[in-house]
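*Asks:* Supplied in C-alpha cells, the structure appears directly below.
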Amino acid sequence: MNVDLSGKVALVTGGSRGLGREIALGLARAGADVVVASRKRDNCDAVAREIEALGRRALPVACHVGEWAQCDALVETAYAQLGRVDVLVNNAGMSPLYPSLAEISEALWDKVFAVNLKGAFRLTALVGTRMAAGDGGSIVNVSSIAAERPRPMETPYAAAKAGLNAITIACAHAFGPKVRVNCIQAGPFATDISKAWTPAMFQHVERTFPLRRVGRPEEIVGAALYFASDASSYTTGAILRVDGGNP
C-alpha cells in the first residue's frame, strides 16, 4: 500500500513492543512523526531511536494508560512537543492469566479494564475533541477477536475489548464528520504474548484457521495504514477483522 503520511503526527500507545511497535514503525515509514507511549520509558526510547533512524521525529513518553491523569499528561505532552496529533492508535493492552473465573480478583479485573478500555476511551475523548475542533484526524483502536469469540481464560480481556468495539462506533458518531474512528480486531499474532501459549493453542490455529498459522506482527501494519490514511476516507465506525480467518 502506497500511503503518504508526510507532515502527520501519530500517537501510538503500547508502542514499544509487539503490534504497537510494528504499527509505530509502519507509520514512520509512511512519513509520520510518532509519539511512542508505553509504561517503560527505556523501551519507548529504543523504538524512538528506530523511528529517528528512518528520518522521522519521535517522542518517547512513559505512560500508564490505565490512569486518566497520565493519559491527560500524554496528550498535553504530544501537543506541546509536536503541535498536533493527526492519528491516534489505541493499542495498549494486557490479558493476565488466572487459575479460574472465581479466582479473578477485583484488582485484576479493574486493571484489565483500565488498560484495555478506560485509557482508550480517555485518549479518544481528549484527542478526538481536539481533532474535531481542528483539522480532523483518524483514531484507530486495536481490539481482539476475543471480543466476539471469548474463551474462559480471557474473560476480562474479552469483555474490555467488546467495550472497545462499542466505543469505536459511539465515537465515530460523536466526532464525525471530521474525525474517523475505526477498529482493527486482531487475531492471534506471534508477539511476546504468544510465548505463554500452549502447543495446543498453536495446533488449534494450524488445524482450524483458513490460513493455518498465527500472524506475523508486521501483518497488522496494512490495516493500520489503511485506517490512518485517506485510503479509508469513507470508512468510520468499522471493525475490521485481521485474524487469519478465525472460524
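*Asks:* When you check residue 242 against the structure, is it among the β-branched types (Val, Ile, Thr), surrounded by 22 or more Cβ atoms within 10 Å (Cβ to Cβ) and out of contact with any Leu (no Cβ under 6 Å at 6 or more places or on another chain), yes or no?
*Replies:* no
*Asks:* Is it the case, given these coordinates, that residue 116 is buried (at least 24 other Cβ atoms within 10 Å of the Cβ) and in contact with a strand residue (DSSP E or B) (Cβ under 8 Å, 6 or more places away or on another chain)? Let's see the steps before the verdict.
*Replies:* Working: buried (at least 24 other Cβ atoms within 10 Å of the Cβ): yes; in contact with a strand residue (DSSP E or B) (Cβ under 8 Å, 6 or more places away or on another chain): no.
Spelling it out, it is not the case that residue 116 is buried (at least 24 other Cβ atoms within 10 Å of the Cβ) and in contact with a strand residue (DSSP E or B) (Cβ under 8 Å, 6 or more places away or on another chain).
*Asks:* Does residue 48 satisfy the condition of being among the aliphatic types (A, V, I, L, M), surrounded by fewer than 15 Cβ atoms within 10 Å (Cβ to Cβ) and touching a strand residue (DSSP E or B) at 6+ places or on another chain (Cβ under 9 Å)?
*Replies:* Working: among the aliphatic types (A, V, I, L, M): yes; surrounded by fewer than 15 Cβ atoms within 10 Å (Cβ to Cβ): no; touching a strand residue (DSSP E or B) at 6+ places or on another chain (Cβ under 9 Å): yes.
Here the answer is no, as residue 48 does not meet what is asked.
*Asks:* So, of the residues in the range 136-175 that are touching a Phe, Trp or Tyr at 6+ places or on another chain (Cβ under 7 Å) and either aliphatic (A, V, I, L, M) or over 18 Å from residue 65 (Cβ atoms) (or both), which turns out to be surrounded by the fewest Cβ atoms within 10 Å (Cβ to Cβ)?
*Replies:* Ranking the candidates gives 167 first.
*Asks:* Next question, about the same structure. Pairs, please: C-beta under 6 Å, at least 6 apart or cross-chain, first residue within 15 Å of residue 90 (Cβ to Cβ) and in the range 139-162, second assigned to a helix (DSSP H, G or I) and among the aromatic types (Phe, Trp, Tyr)?
*Replies:* 140/227; 160/113
*Asks:* Condition check: surrounded by fewer than 20 Cβ atoms within 10 Å (Cβ to Cβ), more than 19 Å from the chain's Cα centre (by Cα) and under 26 Å from residue 230 (Cα atoms). Does residue 133 satisfy that?
*Replies:* In short, yes.
*Asks:* Then there's this: From the list 42, 4, exactly one residue is surrounded by fewer than 16 Cβ atoms within 10 Å (Cβ to Cβ), closer than 26 Å to residue 182 by Cβ and among the charged types (D, E, K, R). Which is it?
*Replies:* One residue alone meets the criteria, 4.
*Asks:* Can you tell me how many residues within the range 24-39 are charged (D, E, K, R) and either in a strand (DSSP E or B) or within 17 Å of residue 6 (Cβ to Cβ) (or both)?
*Replies:* Here the count works out to 2.
*Asks:* Still on this structure, I have one more. So, residue 127, is that one part of a helix (DSSP H, G or I) and under 25 Å from residue 8 (Cα atoms) or not?
*Replies:* Against the criterion (part of a helix (DSSP H, G or I) and under 25 Å from residue 8 (Cα atoms)), residue 127 qualifies.
To keep it simple, each residue is scored yes or no on (1) closer than 23 Å to residue 121 by Cβ; (2) of a type outside the set (Asp, Glu); (3) at pLDDT below 95.
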{"residue": "3", "(1), (2), (3)": "no, yes, yes"}
{"residue": "29", "(1), (2), (3)": "no, yes, no"}
{"residue": "35", "(1), (2), (3)": "yes, yes, no"}
{"residue": "45", "(1), (2), (3)": "no, no, no"}
{"residue": "54", "(1), (2), (3)": "no, yes, no"}
{"residue": "61", "(1), (2), (3)": "yes, yes, no"}
{"residue": "72", "(1), (2), (3)": "yes, no, no"}
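*Asks:* Across the range 130-161, what is the number of residues that are closer than 18 Å to residue 8 by Cα and part of a helix (DSSP H, G or I)?
*Replies:* Of the residues in the range 130-161, 4 are closer than 18 Å to residue 8 by Cα and part of a helix (DSSP H, G or I).
*Asks:* Looking at residue 227 and the list (1) closer than 21 Å to residue 28 by Cβ; (2) surrounded by 15 or more Cβ atoms within 10 Å (Cβ to Cβ); (3) over 15 Å from the mean Cα position of the chain (by Cα); (4) of a type outside the set (A, V, I, L, M), which single condition is not satisfied?
*Replies:* Here residue 227 meets the rest and fails (3).
The values are calculated or read from the model by the stated rules, or taken from the named source; none is laboratory data. Values in this document were obtained by computation on a predicted structure and should not be read as measured data. Don't worry about glycine lacking a Cβ; one is built from the backbone with ideal geometry, like all the others, and counts go over all protein chains shown.
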